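As structure tokens, the structure follows; a few thoughts come after it.
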Amino acid sequence: MSREERDFYKRPEDEQQEFLTNTWCNECMEANLGMKDPQEYVQDKAVFIEGKCNRCGMSIVTELTDENF
Ligand SMILES: [Zn+2]
């Protein structure tokens with residue numbers, strides 16, 4: 001499946017903050033620990049924002065399915 005990179009930092013500041021703070025980590029089993037190094041890409045008609053958990057460093061992927069293309 002092809003993957004198209006997007007620039008996360010083109011999002012409005014408040015949206016960026018929201019994505020970076022409203023997280024769920026499968027390792028820590030805890031919400032809102034925050035993440036760093038966000039990368040955004042489009043794959044299979046969904047938008048993904050991937051970053052690293054602020055506590056454990058495992059990768060966290062947020063999938064956005066309600067986005068318009
Ligand atoms: Zn974690």
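The values are calculated or read from the model by the stated rules, or taken from the named source; none is laboratory data. Computed from a predicted structure; not experimentally measured. Cβ atoms come from the backbone with ideal geometry, glycine included; neighbour counts cover every protein chain shown.
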- Task: State all residues of region 23-43 that are within 18 Å of T65 (Cβ to Cβ) and within 14 Å of the ligand (Cβ to nearest atom); if no residue qualifies, say none.
- Result: T23, W24
- When only residues in region 56-68 that are under 13 Å from the mean Cα position of the chain (by Cα) and part of a loop (DSSP other than H, G, I, E, B) count, which is modelled with the lowest pLDDT? T65
- Message: With the requirement that a residue be hydrophobic (A, V, I, L, M, F, W, C) and not in a strand (DSSP E or B), what does region 22-55 give you?
- Response: C28, M29, L33
